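The values are calculated or read from the model by the stated rules, or taken from the named source; none is laboratory data. Being a predicted model, the structure only gives us computed values, none of them experimental. Cβ: placed from backbone, ideal geometry, glycine included. Neighbour counts: every protein chain shown. Accessible surface is based on the protein model in full, side chains and every heavy atom, while ligands, DNA and RNA are left aside. Shrake-Rupley method; radii C 1.70, N 1.55, O 1.52, S 1.80 Å.
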Amino acid sequence: MIGVFDSGHGGLTILQALTRRLPARDFLYLGDHGHAPYGDRDAEEIYQLTIAAVERLFGRGCRLVILACNTAAVALRRLQQTWLPHHYPQHRVLGVLVPMVEEVTGMPWLADPATTPYRGDARSIAVFATRRTVDSRMYAQEIGKRAPSVRVLEQPCPKLAALIEQGAPRPEWAHFIQRYVAEMLAANGGQPPDAALLGCTHYPLAADLFRAALPAGVRLLSQPAPTADSLAAYLDRHPGLDAPGSGRVKFLTSGEPQRVGAMASAFYGARTPFIGI
Ligand code: DGL
């Protein structure tokens with residue numbers, strides 16, 4: 001059974017892609033709805049909440065957990081380097097950053113840019129994300145190391161994950177998305193970027209609104225499919241980490257299960273019978 005974690009509903013967009021790509025695997029989803037959104041919390045708080053959630057998934061029998069949350073990914077390196085080796089050396093935690101940077105650059109994560117240079121055609125990429133993700137500069141740094149010629153425009157969208165999480169009316173989402181797109185364009189001297197990356201797992205739920213707000217011709221990059229392809233390849237390389245099951249999916253929440261379940265089902269496109277933790 002593979003654990004999938006997000007602060008709230010956003011990770012369901014990733015979970016949906018994972019279940020389609022890996023239909024025989026069992027998944028256990030945990031949404032920390034009781035503490036969502038994470039986007040404006042400080043790094044230490046996010047680290048502690050993320051560890052608590054990962055530990056809960058480990059405790060339920062997952063040896064592999066996907067952090068389906070960019071904001072929690074600010075905690076990922078510390079968690080992988082200091083906490084995991086001491087407490088759970090046989091377990092693994094993976095994020096969404098690596099698959100996206102590979103997708104954007106067309107280069108394997110561990111490729112040496114000196115021998116495998118960037119050959120993509122995008123010269124500028126806008127990254128839309130929460131304030132915490134933007135502050136971490138993780139996309140700019142990791143894309144920059146591999147493709148230094150690419151201009152990365154990081155645009156915080158401070159209200160958006162919360163609006164999606166609360167189930168606010170879509171015209172409200174659209175209003176803020178138009179504002180964030182306008183801010184990004186202004187920061188780029190009015191020039192449209194070649195591509196726009198939705199760097200928060202809540203945003204695929206608003207992909208159509210981003211599409212409508214962005215100038216025509218901007219390529220929209222979303223996280224679910226690359227994350228699913230990357231996990232499938234990882235499982236091929238590490239067959240001992242998870243055994244195929246029967247395609248069961250279970251849902252846990254730190255929030256109020258009835259309320260969370262009703263809203264999440266609409267996002268997920270199938271029933272999400274959440275159970276409280
Ligand atoms: N879905 C999350 C992300 O990918 C977090 C949103 C939030 O909790 O602010 O960043």
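Run the quick spin-label model on Arg21 and Ala43: label points 7 Å from Cα toward the beta carbon, then report their separation in nm to one decimal.
In this crude spin-label approximation the distance works out to 2.8 nm.
From the phi angles alone, apply the Karplus equation (6.51, -1.76, 1.60; θ = phi - 60°) to region 46-63 and give each ³J(HN,Hα) in whole Hz, x where the residue is Gly or Pro.
5, 4, 5, 5, 5, 4, 4, 5, 4, 5, 5, 5, 4, x, 8, x, 8, 8
DSSP loop (so not H, G, I, E, B), at most 15 other Cβ within 10 Å: list which trypsin sites (Lys or Arg not before Pro) in region 40-144 pass both filters. Intermediate results must be reported in sequence, preceding the final value.
Working: sites: Arg41, Arg56, Arg60, Arg63, Arg77, Arg78, Arg92, Arg119, Arg123, Arg131, Arg132, Arg137; in loops: Arg41, Arg60, Arg63, Arg119, Arg123, Arg137.
Sparse-neighbourhood loop trypsin sites (Lys or Arg not before Pro): Arg60, Arg119, Arg123, Arg137.
Once the Cα atoms of region 1-100 are picked out, what are the Rg and Dmax in Å?
Cα-based Rg and Dmax for region 1-100 come out at 12.5, 38 Å.
With the radius of gyration and the Kirkwood radius both derived from the Cα set of the chain, what is their ratio Rg to Rh? Provide the component values of the computation, followed by the final result.
Details: Rg = 18.0 Å, Rh = 18.9 Å.
Rg divided by Rh gives 0.95.
Quick one: Cα centre-to-centre distance for region 138-174 and region 3-72, in angstrom?
19 Å
Give the shape of region 1-57 as rounded, prolate or oblate, defined through the alpha-carbon gyration tensor: a ≥ b ≥ c are the square roots of its eigenvalues, a/c under 1.5 means rounded, and otherwise the shape is prolate if a/b is larger than b/c and oblate if not.
Numbers: a/c = 3.06, a/b = 1.90, b/c = 1.60.
In terms of gyration-tensor shape, prolate.
Can you work out the FRET efficiency for the pair Ala216 and Glu256, with r the C-beta to C-beta distance and R0 = 41 Å, to the nearest 0.05? Numbers along the way, then the final one.
Values: r = 42 Å, r/R0 = 1.02.
Step by step, r from the Cβ atoms, then E = 0.50.
At a 1.4 Å probe radius, which order do Met107, Met263 fall into by accessible area, largest first? List each step's numbers first, then the result.
On the way: Met107 5, Met263 40 Å².
The ordering from most to least exposed comes out as Met263, Met107.
With all pairs of different alpha carbon atoms counted, what Kirkwood hydrodynamic radius in Å does region 96-255 show?
Working: mean 1/r = 0.0584 Å⁻¹.
About 17.1 Å, per the Kirkwood formula over Cα pairs.
Using a Gaussian network for the chain with springs between C-alpha atoms less than 10 Å apart, which of these wobbles most: Thr130, Thr116, Thr253?
With Cα springs under 10 Å in the chain, the top fluctuation among Thr130, Thr116, Thr253 is at Thr116.
If you build the Cα gyration tensor of region 137-191 and take the root of 5 times each eigenvalue, what three semi-axes come out, in whole angstrom, biggest first? Display every interim value, and only then the final one.
Values: eigenvalues 145, 44, 8 Å².
That gives 27, 15, 6 Å for the three semi-axes.
Quick one: pull the percent of accessible area on the chain belonging to carbon and sulfur, 1.4 Å probe, ligands and nucleic acids left out. Present the calculation step by step, with values, prior to reporting the outcome.
Values: 6230 of 12030 Å².
That fraction is 52 percent.
Based on the Cα coordinates of region 32-89, what is the per residue volume of their convex hull in Å³?
Details: hull volume 4.6 nm³, N = 58.
Cα convex hull per residue, to the nearest whole number: 79 Å³.
About the Cα centre, and with charges only on the beta carbon of Lys, Arg (+1) and Asp, Glu (-1), how big is the dipole of the chain? Nearest 20 debye, please.
Numbers: 28 positive and 24 negative charges, 74 e Å.
Dipole about the Cα centre, nearest 20: 360 debye.
Give me the dipole magnitude in Debye, nearest 20, for region 1-116 about the Cα centre, with unit charges on the beta carbon: positive for Lys and Arg, negative for Asp and Glu. Mind showing how you got there, number by number?
Working: 10 positive and 11 negative charges, 95 e Å.
Magnitude of the dipole: close to 460 debye.
With a 1.4 Å probe and all protein chains kept in place, how do Asp6, Asp208 rank by accessible area, largest first?
Details: Asp6 0, Asp208 85 Å².
Largest to smallest exposure gives the sequence Asp208, Asp6.
Tell me the accessible surface of Ser136 in square angstrom (1.4 angstrom probe, heavy atoms of protein chains only), to the nearest ten.
40 Å²
Does region 171-277 come out rounded, prolate or oblate, given a ≥ b ≥ c as the square roots of the eigenvalues of its C-alpha gyration tensor, rounded meaning a/c under 1.5 and, failing that, prolate meaning a/b above b/c? Before the final figure, lay out each step's value.
On the way: a/c = 3.22, a/b = 1.51, b/c = 2.14.
Oblate, because a/c is 1.5 or more while a/b does not exceed b/c.
Can you pull the accessible area of Asp236 for me, 1.4 Å probe, Å² to the nearest 10?
130 Å²
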